[in-house]
Structures are given as C-alpha cells and as structure tokens.
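> For reference, the structure I am asking about is given below.
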Number of protein chains: 2
Amino acid sequence: MFDTVCIVGVGLIGGSFGIALKERKLAKKVVGAVRREATINAAFQCKAIDNGSTNLLRAARGADLVLLASPVGQMRELSEELASGVKAEAIVTDAGSTKDGVVKECTAIFGQKAHFVGGHPMAGSELTGVENARGNLFENSIWILTPTAETPDEATEKLQELIGALGATPLIMDAATHDNLLAVTSHLPHITAAALVHLFSDAHKEHEVAQRLIAGGWRDGTRVAAGSPEMWRDICLANAPEVGKSLDKLIEDLHSLRAMIETKDGEKLQEWFQSASEVRRKQGYFPRGQ
Amino acid sequence: MFDTVCIVGVGLIGGSFGIALKERKLAKKVVGAVRREATINAAFQCKAIDNGSTNLLRAARGADLVLLASPVGQMRELSEELASGVKAEAIVTDAGSTKDGVVKECTAIFGQKAHFVGGHPMAGSELTGVENARGNLFENSIWILTPTAETPDEATEKLQELIGALGATPLIMDAATHDNLLAVTSHLPHITAAALVHLFSDAHKEHEVAQRLIAGGWRDGTRVAAGSPEMWRDICLANAPEVGKSLDKLIEDLHSLRAMIETKDGEKLQEWFQSASEVRRKQGYFPRGQ
C-alpha cells in the first residue's frame, strides 16, 4: 500500500503501527525516527521497524507516509523540522489525543509541501513504550481522521483504506468536535482517576490499612491514572478550553451532589444515581478488570 | 459450624452467602427472609436457601446466626422487629457498606438479647439480585468486622472462623475508621463514576457520535455507576459526614487542577499527574475490563 513509511516516535502507538504494517505487509519499508539510540534496538527486537535513525530528516527521506506518534506537545517542532525535507505529495498524519490545535498548526506548517491529515487512533493502554507494542493494538478500535476543507480527498481515502487494513474503523469528524467529545469520554475520566488516587494517597498516609480496603470501583476507576504524566499534561494544555469547560460542569455536578448530602435529600440523591445508572447500563456490561 | 442461619435479604450478597454456606456445609439449615414471595423461588433455584419466608420473625426463629444483607437504610427497622424474636445468645451481623451508624443503632437495639457484630464483605458487583449470586463471591476478598468494646470475643471469633471458611480474609477495625476509609476507596469512586456518566449523557444528547468515542478510561471508570441507585443513596445518607469530607477534598483538588489549566502551568500539571501515576503504579497493574 505504501513504499516507505516513517514513524516519528516509536513508543506504544508508533511501535504497534510499525509491527502491524510489517505483519500485514502494508509497506515495503518502515523507518523509525527516534530521540534515543536505545529505542532503535528495542524497536528492531519488536520487529516494529526496518531502519531507524535519531536524525528526523534522514529517517523521513523519501517516505510516502509519515506518522507523528510523539507527544502532542512536540508536534509543532517536529513538523517544522520535517517540512523542510519531506517528500512532495507525501501524506503526513499524527496520532495525537487532541486535534484542533495540532491540525491548525501542522496544516499551516506543511502548507503545499505535503498533505497533513490529523488522526487519533483510539487505542492504547496505561502501559507505554515500544516493549509493550503489539500488532493487534488497533484491531476493532476506532481511528479518527480530521481532514479540513483543504485536504485532498485522495489523502483521506488512502488513510481510511490503511486504517481498515489494520483492522480498525476509520471515523471522519471535525477537529473541534473531536476535542469537545474526547474531553468527556477520555480526558475527564483520566482527571477523576488521578484525583481519586490523590485522595487515596492522603488516606493511606494516615491509615496503612487503606490499601487492603481498595474496592473494585477504585481499582477500575483509577487504572488510567498509571499512565504517562507528560502525555496528560500535554493533553490538558492542548485541549485546555474543552477540558476546562467539562471540568467546570463536573465540579458543578459534584457541588449539587454535595448539597443533597448536606441536606440529606434522599429523593434527589436517588435520582442523581438513577440517571447515571440508566445511561451507563445502555453502554453495555463490561466485566471488571480483575 | 452453625445449626440454623437466617439470611435477611436474599440478593447478590445474601444469596451468595447462602450458596457458599450450603456448598461448604457450614450450616445445617439456611433460611431466607425476603420481602417478595417471588424471591423465595429464585433463591431456591440458585440453591441459596433451604426454606424461605416473607415473615421475618418466622424465618429467624431459632437461628444461631442472622445475616442482615438488606440495604443500609432498612437495618434499623429490621433490627427492631428482629430483636423481639431472635434466639438468646444468637449472633447477628450485617453486610452493610457503612458501619458507624449501623453499629451504634443495632448494638443499642439488640442490647443483651443477641450479640450484634457489624460486618462488611468487600465483594460485590454492579450486578444485583439473587440470580447473579455465586458461591465463590467472597473468595480472596476482605470481610471487615467492626466489634465494639462490649462485643463478646467468642462472637467475633466465631464470625472470623466462618469468614475464613468462606475463603475470605477477616479484618477487624473500628466502625469509624471503616467509614472514613471506605468513603475514599469505594464511595467516592462511585460518585465520580456517576458524575462522568452525567457528563457523557449531556454530550451524547448533542452528538450521537460520542458513543463511538468511549475510551477505556471512561468504560472502566464508570463501570460501577451501573449499580443500584437505592444502595448508593443509602450509602451517601448513612456515611454523609465522611462522604461529604472526601467530596470536599476532591472538589478542592479539581479546583487546583482547573487553575493550572487556566494558567497553562505545564510544570504543576505534570506534577499533579506524576504524583497520581506513582501511587497508582504501586497498587499493581490490573488489565482493563474489556
């Protein structure tokens, strides 16, 4: 499907992308652009790349497709460097968890030099690094693409085809809607997970036995808090307006619950939990993690 | 171990207790006290009871052990009725998720008529009802007991022995510490789960596609929100002071995060997520639910 694919940042997502491309024979050559020499060896061992380099322009030279699988905070700098040497008509996409800022910046940076199409594979794990990469990471997952009015249809179509070949489902939407909805379905759950861990940490310092009282709800509800702090810092910064808005709504909802508890309003309390229970049940039963 | 055991409220917990007692031959006879006639048949089919009655006193007559496995909000009323007919020297325990109020009330109600020992089996599920009961529900779980200074040692010891025979680990602690810590490890995770579902529900009404953007963090973090609204209403009411205190701390922490996002303070944001990530990783890796 592609001659040469360059993956910038060979961690969990970039590495899994490389393994999947090679396993499914979707590219003749996969080249990894990494920051640290050691990652090249790790990526080789996982069969995620054919070649690797710590020199971005050397790695990307001649590539028909470039995937930026680096933290959102590095996208601009990488794109600026890449724009000077990327092959004409190449497709450049990314795997960042926020889209509006990235798409605006990168579209402007690449201009007519290459076709930038924002992307977000909704796969991942609280595990990080190429050593946790696997070729089936994207199977049965949603992979969002956020083309703009200027994006050539062929570039979007080629990416859709590739995503399908990886076993994922492509979903086209605009970048702003993506950021609005992902704040709710992904970013806020991460924030509450971290806040629950802080609460536990304080209680645990006072009572060591707290550790033995961890319930399933805490275990599952805080799982994602084990993820990369840098990534979540970047997401909060890149999606600040939407995360801020959702956080305000969540705090307001918790304040209303606080008042019901204060006034011991059993009827309102039941309604508060009932409305959540009904909506959650519609989203299907998922057995718990442990 | 016991001649006759009476289970008041044969739902998920009461039913599983009955199945486990019978499978492990820990009681000669298990009698269920239920509110609705239909539950008796369902409990028979699950092999959770030998006899059942909608008459509490008839069901509890002659029992050496009574387990109150009803919602926390009904404990007082049931105990008042039970106290008039329970066998002298019988052990009465409960399976409520909050302890301080229940222990104070029930200890006073039973007085010298029977030995009340508060309990909390930390097992369960967002699934409810005797039809989801299973004999191994308590295996490898913690079962808290909250005896007071007046509780005879023999009553506590007999319950510890029984809990061990069910495959669970008994853990003795005082009722107030239990409520303080469970607010953090169980009640608040439930509250954030429900609040995340509310947030999603609003977004989903505006954008139906939100449903396809559910990430693993949302799925796991909201799992417990599918649970019983009545039970969680009762928990918030019964543990109002501790839930309120923890909720205030959580809201304060979210406010501080809100300020970091507003001021785009990358360093503080990273620290906020880092401290959570470190503590969470120490609690072990648990693969996600789906």
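> Tell me which residues, restricted to the range B:127-157, are in contact (Cβ under 8 Å) with a residue 40 or more places away in the chain, farther than 30 Å from residue B:37 by Cβ, out of contact with any Leu (no Cβ under 8 Å at 6 or more places or on another chain) and not polar (S, T, N, Q).
Selection gives B:150, B:155.
> Also, I was wondering about something else. What is the residue count in the range B:182-209 for residues that are within 7 Å of chain A (Cβ to nearest Cβ) and either more than 20 Å from residue A:268 (Cβ to Cβ) or of a type in the set (Asp, Glu) (or both)?
Residues that pass the stated criteria total 9.
> Of the numbered conditions (1) among the small types (Gly, Ala, Ser); (2) within 20 Å of residue A:75 (Cα to Cα); (3) buried (at least 22 other Cβ atoms within 10 Å of the Cβ), residue A:240 satisfies every one except a single condition; which is it?
Every listed condition holds for residue A:240 apart from (3).
> Of (1) within 20 Å of the chain's Cα centre (by Cα); (2) surrounded by fewer than 22 Cβ atoms within 10 Å (Cβ to Cβ), residue A:47 satisfies all except one. Which?
It fails just one condition, (1).
> Kindly indicate whether residue A:169 is among the polar types (S, T, N, Q), under 14 Å from the mean Cα position of the chain (by Cα) and within 13 Å of chain B (Cβ to nearest Cβ).
No, not satisfied.
> Here's something else I'd like to know. Among the residues in the range A:22-31, are any surrounded by 24 or more Cβ atoms within 10 Å (Cβ to Cβ) and more than 20 Å from residue A:138 (Cβ to Cβ)?
no
> OK, next. For residue B:67, indicate whether it is more than 24 Å from residue B:232 (Cα to Cα), touching a helix residue (DSSP H, G or I) at 6+ places or on another chain (Cβ under 9 Å), crowded, with 18+ Cβ neighbours inside 10 Å and aliphatic (A, V, I, L, M).
No, not satisfied.
> Which of the residues that make up the range A:25-46 are within 19 Å of residue A:162 (Cα to Cα) and not hydrophobic (A, V, I, L, M, F, W, C)?
Within the range A:25-46, A:25, A:28, A:29, A:32 qualify.
> Looking at (1) within 20 Å of residue A:212 (Cα to Cα); (2) surrounded by 16 or more Cβ atoms within 10 Å (Cβ to Cβ); (3) of a type outside the set (Lys, Arg); (4) touching a residue at least 24 places away in the same chain (Cβ under 8 Å), which is the only condition residue B:185 fails?
(4)
> Identify, please: which residue in the range A:122-144 is acidic (Asp, Glu) and more than 10 Å from chain B (Cβ to nearest Cβ) and is, among those, surrounded by the most Cβ atoms within 10 Å (Cβ to Cβ)?
Residue satisfying both the conditions and the ranking: A:131.
> Which of (1) in contact (Cβ under 8 Å) with a residue 40 or more places away in the chain; (2) more than 30 Å from residue A:182 (Cβ to Cβ); (3) at the interface with chain A (Cβ under 7 Å from one of its Cβ atoms) is the odd one out, the single condition residue B:177 does not satisfy?
Result: residue B:177 passes all but (1).
> Determine whether residue B:52 is surrounded by fewer than 19 Cβ atoms within 10 Å (Cβ to Cβ) and over 24 Å from residue B:176 (Cβ atoms).
Criteria not met by residue B:52.
> Further, regarding this structure: Answer yes or no as to whether residue B:124 is within 13 Å of the chain's Cα centre (by Cα) and assigned to a loop (DSSP other than H, G, I, E, B).
Yes: the conditions hold for residue B:124.
> Only residues that are in a helix (DSSP H, G or I), closer than 17 Å to residue A:17 by Cβ and either modelled with pLDDT of 95 or more or not assigned by TED's automatic domain parsing to the domain that holds residue A:26 (or both): list them for the range A:57-79, please.
A:59, A:60, A:78
> Provide a single number: the residues in the range B:84-119 that are buried (at least 17 other Cβ atoms within 10 Å of the Cβ) and farther than 21 Å from residue B:173 by Cβ.
Counting residues in the range B:84-119 that are buried (at least 17 other Cβ atoms within 10 Å of the Cβ) and farther than 21 Å from residue B:173 by Cβ gives 6.
Condition check ((1) within 20 Å of the chain's Cα centre (by Cα); (2) at pLDDT 95 or above) across all residues:
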| position | (1), (2) |
| --- | --- |
| A:145 | yes, yes |
| A:176 | yes, yes |
| A:179 | yes, yes |
| A:198 | no, yes |
| A:203 | no, yes |
| A:217 | no, no |
| A:225 | yes, no |
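For (1) out of contact with any helix residue (DSSP H, G or I) (no Cβ under 7 Å at 6 or more places or on another chain); (2) closer than 26 Å to residue B:280 by Cα; (3) not assigned by TED's automatic domain parsing to the domain that holds residue A:9, each residue gets a yes or a no:
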site	(1), (2), (3)
A:82	no, no, no
A:111	yes, no, no
A:128	no, yes, no
A:134	no, yes, no
A:139	yes, no, no
A:167	yes, no, no
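The values are calculated or read from the model by the stated rules, or taken from the named source; none is laboratory data. Since this is a predicted model, take the numbers as computed values, not measurements. Glycine also receives a Cβ, built like all others from the backbone with ideal geometry; neighbour counts cover every protein chain displayed.
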